[in-house]
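Accompanying notes for the structure given below.
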Amino acid sequence: MINIRPISSELAKVAKEEINEVPERISEDLEALKEWIRKQPHLRARTSDQFLVGFLRGCKWSLERAKEKIEDFYTLRGRIPELMKGRDPLDKRTRKLIRTGVGLPLPLTEAPGKPRIMLIRPAAYDPALFTFADVMKVGNMIGDVLLLEDDNMMIAGQIDILDLADVSAGHFMQMNPGLMRKITLLTQKANPMRQIETHCINTPPGFETIFNMFKGFVNEKQRNRIHVHRNTEELFKCIPRKLFPTEYGGEAGKIEDIIDFWEQKLITYSEWFKEDEEQYGVDEEKRQKPYKDATQEFFGPNGSFRTLNLD
C-alpha cells in the first residue's frame, strides 16, 4: 500500500498529460527506486513514498532520470555546504531572516491544476546583516517542505515572480558569479521541481549585468522562459493580479500573514531538518562507481562555465 496524498482530478489530468504519470505504475516504480537506493552503499537517502514520488514527478516519470536526480540531490548538497548546512528554523538569526519573507510561495493558484507561484523580493533582507547564501539556505528549506507537501508545485511546476523593487548595490554585490553558479547548479541539477517561467518586475539600473550573467548559465530553452516586464500591469496580463498579496492589489492575503504561515511551517520541520543533516547524504568512501561529476559538467574540467542543456 503506497502512502502518498490523493490528488485532485485537475492535477491528475496534468500528471497524465504533462509528466506521464500512470497511477497503476506508481507502486511498482516506487519500489524500484527503493531497491536501487538499498543497493547504493554510499547513499543515505530518504525513502518515504511522498518524498520519492516527488522525484518521479519532477523527472516526468523517468525512473532512470529520477535515480540520477536523487544522486545529484544528495551529492551536490554535500559539496555546497554554505547553502545547505545549519538549517535550523529555531536559530535566532535564521528565524529573523525567515521573517523578512524574501521568498514566499503564494497560497493561491490560477486553477486547481495550475503551477505554484513563488514571490521573490530580494530587497526584503538587509545585505549588511545577511548574505545571499543565507537567503538561499532558507529558500532551500522552503523548497524541501514544498517537495513533501505541495502537489501543485511537484506536478504543475513553479512560476517565479522576481520583484526587484528597492534592490540596492549591496544586494547585487552579493550575487557574485561563483555563488550564482553554485546556486544554479544546485537548483537546476539537483532539484526535482519543474521551473515553468520566471517573471521579473521593477528592474533597477544595473540589472542587465546580473541578468546577462545568469542567462549565460542556461540554454536557449531556459532563457526563453525568463520574461522582464516594464511594470506590474504588464505582469498581470500573464499572471492574474488576484493571485498576489494584498500589497500588490491581489486576493492572497497580506504578506505578513503569509510570512507568519511559513515561519510556523518551518518551525514544525525543525526536527526534520536536524535529522536531514545528521542522517542523510553520501559517504564518498563507500561509493563503488565514480560519480558523474555535475560540477565538472557545469563548469568544465578547468572550472570555466559551460552551458547545461537543462529540460
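Would you pull out the residues with amide H under 5 Å of residue 161's amide H, same chain only if 5 or more places away, H placed 1.01 Å from N?
118, 119, 120, 199
Would you work out what percent of the accessible area of the chain, with all protein chains in place, is carbon or sulfur (probe 1.4 Å)?
Its accessible area is 50 percent carbon and sulfur atoms.
Contact order normalised by length for region 115-246, with contacts defined as Cα pairs under 8 Å and 6 or more residues apart; what percent is it?
Values: 140 pairs, mean separation 36.5, N = 132.
Result for region 115-246 is 28 percent.
For the chain, what is the relative contact order in percent, using Cα pairs closer than 8 Å and at least 6 residues apart in sequence?
Numbers: 448 pairs, mean separation 71.2, N = 311.
Over the chain, the number comes to 23 percent.
I'd like the accessible area for residue 242, computed on protein heavy atoms only with a 1.4 Å probe and all protein chains in place. Round to 10 Å², please.
100
Quick check on my link table: of 60/114; 16/189; 182/221; 182/237; 34/114; 67/237, which ones sit more than 28 Å apart, alpha carbon to alpha carbon?
Those over the limit are 182/237; 34/114; 67/237.
If one computes the Cα centroid of region 133-169 and of region 1-34, what distance in Å separates the two points?
Answer, in whole Å: 24.
In region 41-126, which trypsin sites (Lys or Arg not before Pro) fall in coil by DSSP and have 12 or fewer other Cβ atoms within 10 Å?
85
Quote the charge dipole size of region 75-202 about the Cα centre in Debye, to the nearest 20; the model charges only the Cβ of Lys and Arg (+1) and of Asp and Glu (-1).
It comes to approximately 500 debye.
Size of the dipole of the chain about the Cα centre, Lys and Arg at +1 and Asp and Glu at -1 on the beta carbon, nothing else charged, in debye to 20?
For this selection, approximately 620 debye.
Go ahead and set up a Gaussian network model of the chain, Cα springs under 10 Å, then flag whichever of 149, 82, 28 fluctuates most.
28
Using 0.36 nm times the number of residues separating residue 227 and residue 90, minus their current alpha carbon distance, what extension gain do you get? List each step's numbers first, then the result.
Values: separation 137, 0.36 × 137 = 49.32 nm, distance 3.62 nm.
Length gained, residue 227 through residue 90: 45.7 nm.
The values are calculated or read from the model by the stated rules, or taken from the named source; none is laboratory data. None of these values were measured; they are calculated from a predicted model. Because the Cβ atoms are built from the backbone with ideal geometry, glycine has one as well, and the counts that use them run over all protein chains shown. Surface areas here come from the heavy atoms of the whole protein model, side chains and all, with no ligands, DNA or RNA. Shrake-Rupley method; radii C 1.70, N 1.55, O 1.52, S 1.80 Å.
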